[in-house]
Each structure stands twice: as structure tokens, then as C-alpha cells.
Amino acid sequence: MAALHTERAVAVIGSGAMGAGIAQVAAVAGYTVHLYDTRPEAVAKAISDIAAALNKLVAKERMSAIDCAAAIARVRAAVTLDAVAGAGLVVEAIVENLDAKRALFAQLEAIVGDDCILATNTSSISVTAIAAGLRLPGRLVGMHFFNPVPLMALCEVVSGLATDAGVAQTVYDTAAAWGKNPVHAKSTPGFIVNRVARPFYAEGWRLLNEQAADAATIDAVLREAGGFRMGPFELMDLIGHDVNFSVTQSVFNAYFGDPRFTPSVLQQEMVNAGFLGRKTGRGFYRYGDDAVAPRA
Ligand code: NAI
């Protein structure tokens, strides 16, 4: 098996935090990338964020100006989904919702060729369930990157029950060609990382509910004494509370309501309020022009 040939284009559907990062690493690795989103302004923001990130690497002398310009030029804004027709690999990074993902892949199957691999960046939804109903379910595989994609090395390559072993291997090799450390996993709820991470968040919420300490203190303790890069609350702010809440719900439901994975009512309220974390400027902390200040 081998990585997808760089002559084949990659399409990324969904241009939020993850889609932008995935497009960046694929473009830097030499692939033409078609970036699509139902909100054209998200595509424009993703492309400007990619340009800013790569220009920063040039300023730090970690990338040449020529390579930077070439990588930026390889990222193309797709105005309609039809632009992905010739792609060899489509990576989906839209909202974490089974029905939305199924509907998108059904649409994509009518556009792409039969040899095109369909990958989902889902954090927690069954890859088997996403593939069910496709004409060629064997071509769908999980390609689960971590946030921020350009910095996080791990990529879980997740096989559902119908996933073709050759498809999983091509995606594994492609992730390696993009500079990632891929790992094969089966489609169990939360896969590897999000399964192990649930108790980390859950204990954070329990500590907060019991008023053991405020969020900033808990984060600082985990960072300074626990050896973690980030505490649970700052990590959820980075991930996005909407995404994190959906993942917890999905793992909870997939394990038939196992109380270990019970979602947090407070997090649900934060989602209701639009306090989604960094992407909306406010979560447990404030971002942007306001100084970073703990909320709780
Ligand atoms: P986001 O909210 O930043 O971006 C999602 C984008 O998808 C939005 O721009 C939205 O307009 C677009 N979108 C929604 N429905 C669409 C459709 N039908 N067609 C095209 N575009 C559509 O979300 P984020 O954080 O980038 O997450 C995307 C996916 O990646 C989710 O499945 C999430 O679970 C997964 N993921 C997220 C991680 C994180 O830390 N945020 C980490 C790993 C995976």
C-alpha cells in the first residue's frame, strides 16, 4: 500500500478549526486541496488563517517563502460541492451529527469517482453507522486528527465494520506522508483518545460542581502538578464546548447510558449560551481583545 498520490486532489468539507488545519497539512504535504463549507465566509477565514500560520513559519525561518507561497496556492476555495469531483480523498470535518454526516456522504457519492476514499474526522460517532447506506461503504474510514491539527501528531485511522482494509492502509500511509503519527483503531465509542479522555473531563466537572476549586485553579493544578499540557477547562475551551458536549453525548448513548460518561448540565448551558470557548471568544476564559480571565 502507499499514500494517496500527490497528483490526486484532496477535498476537505467543513472549514472550521479542524477543516482549516487538515487543509493546511495536506497542502504543505504537496496536495491540491479543495476547501468547502456551507458558509463561504468560513472558507475565506480558513484560507486567511492558513496563510497567516504559514507566514509565521516563514518569519521563524521554519519554512521558505517559496514553499509557503506554493502551499497557500494549492488551497482552493470550492464554491459548490461539485468542485470535489476529481478528488482522490475527501475528508469530512462538519458538525458532529450522524444525520448531517450521512446526508453529506450520500451527496458526495453522487459526485466523486468510485476510487475516491471518503474519510470522516468524527471524534466519536460510529464510523460503521456513518458508512451504512452508502453505495460503497467499504471506502469510508475515520481519519481523526487532533486540535490544532498542524501541531498535533496523532491521527486515529478508524475502521468500521465495512471498511476495506486497503482503504484504511492508504489513509494510514497518507497521514504519515502528511507528517502525522497514525494509529489504526476500530470504531468503538470515542475510539482511543476520546474514550480515555472522558473521565478526565468528567472529574473536572465533578470537582467544579462540588466547588472544590474554580476552573482556573483546577487547570493550573493539572498543568503544574499533573504534567498535563492543559487542564480540562482550558482544553474544552480549545476544542469547543459544542463539539465536546456532542462527543460526550455520543459516547454516553453508545454505551447505553453508562453513568461514567454522563454529560454535564453546566456544559449544556454553556452551549445554550453560545459560550463555546475560543471560537466565540468566551468559554471558561475570555479570548480576543478581552484579557484572558477565568469565568468560574
Ligand atoms: P467547527 O464548528 O469549527 O466547524 C464546522 C464547520 O462545518 C463550520 O464552518 C460549518 O459551517 C461547517 N458545516 C456544517 N455543516 C456542513 C455541511 N453539511 N456541509 C459543509 N459544511 C458544513 O467544528 P470543528 O471543531 O472544526 O469540528 C468539525 C468536526 O471535527 C466534528 O465532527 C468534530 O467532532 C471533529 N473534531 C473536532 C475536534 C476539536 O477539537 N474541535 C478534534 C477532532 C475532531
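Give me the log10 of I(q) over I(0) for region 194-280 at q = 0.17 Å⁻¹, as the Debye formula computes it from C-alpha points; what are the numbers? After summing over all Cα pairs, the log10 values are -0.68. The translational diffusion coefficient of region 10-186, from Stokes-Einstein at 4 °C and 1.567 mPa s with a Kirkwood hydrodynamic radius over alpha carbon pairs, comes to 81 µm²/s.
Can you tell me which of 154-164, 202-212, 232-242 comes out highest on packing, and rank the rest after it, using the mean Cβ neighbours within 10 Å?
Per-residue mean Cβ counts within 10 Å order the peptides as 232-242, 154-164, 202-212.
For region 52-63, putting each phi into the Karplus relation 6.51 cos²θ - 1.76 cosθ + 1.60 with θ = phi - 60° gives couplings of 5, 5, 6, 5, 5, 5, 5, 4, 8, 6, 9, 8 Hz, in residue order, rounded to whole numbers and with x for Gly and Pro. Each peptide among 255-266, 165-176, 77-88 gets the average number of other Cβ atoms lying within 10 Å of its residues, and from highest to lowest they stand as 165-176, 77-88, 255-266.
Sequentially through region 279-284, phi angles give Karplus couplings (6.51, -1.76, 1.60; θ = phi - 60°) of 5, 10, x, 8, x, 6 Hz, Gly and Pro residues having no value and appearing as x.
For V28, neighbours were defined as the other residues whose beta-carbon sits under 9 Å from its Cβ, and their charges (Lys and Arg +1, Asp and Glu -1) total 0. For D173 and V221, the FRET efficiency from 1/(1 + (r/R0)^6), where r spans their Cβ atoms and R0 equals 45 Å, is about 0.65.
Between T188 and H5, the modelled label-to-label distance comes to 3.8 nm, taking each label 7 Å out from Cα in the direction of the beta carbon. Extent of the chain along its three principal axes (Cα atoms, max minus min coordinate, largest first): 55, 48, 32 Å. In this structure the amide hydrogen of R282, modeled in the peptide plane, comes within under 5 Å of the amide hydrogens of L276, G277, Y287, none closer than 5 places in sequence on its chain. Describe numerically, in nm with one decimal, the distance between label points set 7 Å from Cα along Cα→Cβ at N181 and at D258. For N181 paired with D258, the spin-label model returns 2.5 nm.
No value in this document is a laboratory result; all are computed from the given coordinates. In this text the structure is predicted, and so the values were computed from the model without any measurement. Virtual Cβ from ideal backbone geometry, glycine too; neighbours counted across all protein chains shown.
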